[in-house]
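What follows is one structure encoded as structure tokens, with my remarks underneath.
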Amino acid sequence: MPPCVTLDRLPQLTHLKPKTKRAKRFLEKREPKLSENIKNAMLIKGGNANLTVTQVLRDVYALKKPYGILYKKKNITRPFEDQTSLEFFSKKSDCSLFMFGSHNKKRPNNLVIGRMYDYHVLDMIELGIEKFVSLKDIKNSKCPEGTKPMLIFAGDDFDVTEDYRRLKSLFIDFFRGPTVSNIRLAGLEYVLHFTALNGKIYFRSYKLLLKKSGCKTPRIELEEMGPSLDLVVRRTHLASDDLYKLSMKMPKALKPKKKKNVSHDTFGTIYGRIHMQKQDLSKLQTRKMKGLKKRPAERKAEDEEDKSKRIKKN
């Protein structure tokens, strides 16, 4: 931590008026927005991280590029005991996601994955690495930097257990990448697969190969490209329901406006209700037919009746 800036002064620095255009652009980038920026992740190495943990952080950084920051220096901190250093780095690098790696006798090959809300720790889950195969150990072609992955979750625990449900949400936040409006088939290049089975989480990464099938739809094959991790959940630090609900709150400007007199059924069919004035059916224009035309005698009789009515009124 730099000696010239203390954690107590960080809130005050955000309210300073910019003196240069560059500083103004920097502060505008940090301002709250209706549509938030792409979530960046910081990968931090603990003071006693071994080669396995260091390589895991490098491989995850390779998957996260260019939306990640890898801190190469060791940082002596314990996230479950003191979170001030994580919050400082989050404010400094403008990252709302983090992964912290450490190693000790009590908790070997340890990973802590979490996310921030308003530069404070919201959720944090500790994972133990039981088996690891690196990107460089699997000699296959890799995906280009910045490719958006497809995420697949298998296992009932991700829908039943609260810890696993939050962990699934964390993984989605961490790896989903930018939000896109359109998808092309050639852009679907790799898959991240998470399986929850027998108290373990199996993390696998596959490259998607499109083969000829003799028709328009190609045949799909999966080729493992790494990294490969077998994880086990250790400690958790979850936000309260009220704080979690507050962090998920959507601004009023982004909420879709309710349209009057429009409803939808279970199949998505739109029904609209139209309000009209009462119609005078006597003035309704109908199709003219020769058979319905009045004869001259009938017209003469009607004209005489109208004249007699007018005379009586006068």
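Descriptive notes on the structure:
- Angle in degrees between helix 84-93 and the longest Cα principal axis of the chain, rounded to the nearest 10: 60 degrees
- Taking the longest Cα principal axis of the chain as reference, the axis of helix 21-30 is set at about 80 degrees.
- Contact order, relative form, for the chain: 14 percent (alpha carbon pairs under 8 Å, 6 or more residues apart, mean separation divided by residue count).
- With respect to the chain, whose longest principal axis is taken over its alpha-carbon atoms, helix 162-175 is tilted by about 90°.
- Loop-resident trypsin sites (Lys or Arg not before Pro) (DSSP state other than H, G, I, E or B) in the stretch 190-272 with no more than 12 further Cβ atoms inside 10 Å of their Cβ: Lys212, Lys216, Lys249, Lys257, Lys258, Lys259, Lys260.
- In terms of distances greater than 25 angstrom between alpha carbons, the cross-link table entries Lys17/Lys249; Lys24/Lys72; Lys17/Lys252; Lys65/Lys142; Lys92/Lys142; Lys17/Lys92 yield Lys17/Lys249; Lys24/Lys72; Lys17/Lys252; Lys92/Lys142.
- Proximal charge balance of Lys148 [Cβ under 10 Å; K/R count +1, D/E count -1]: 0
- Global form of the stretch 93-151, assessed from the alpha-carbon gyration tensor, a/c cut-off 1.5: oblate
- Here the stretch 106-224 is treated as a sphere whose radius is the Kirkwood value from Cα pairs; by Stokes-Einstein at 37 °C and 0.692 mPa s it diffuses with a coefficient of 197 µm²/s.
- In sequence order, calculated HN-Hα J values of the stretch 273-284 (Karplus, 6.51, -1.76, 1.60; Hz; x Gly/Pro): 10, 10, 9, 10, 6, 5, 8, 8, 5, 5, 9, 5
- Residue-averaged [θ]222 nm for the chain, counting only DSSP H segments that reach four residues, each worth -39500 (n - 2.57): -7500 deg cm²/dmol
- Three-way shape call for the stretch 186-288 based on the alpha-carbon gyration tensor, with the a/c threshold at 1.5: oblate
- Between the entries [x] 27.2, 89; [y] 33.2, 117; [z] 23.2, 78, the label attached to Rg and Dmax of the Cα atoms in Å calculated for this structure is [y].
The numbers here are math on the coordinates, done by the rules we state, and not lab data. Predicted, not measured: the structure shown is a model, and the values here were computed from it. Glycine also receives a Cβ, built like all others from the backbone with ideal geometry; neighbour counts cover every protein chain displayed.
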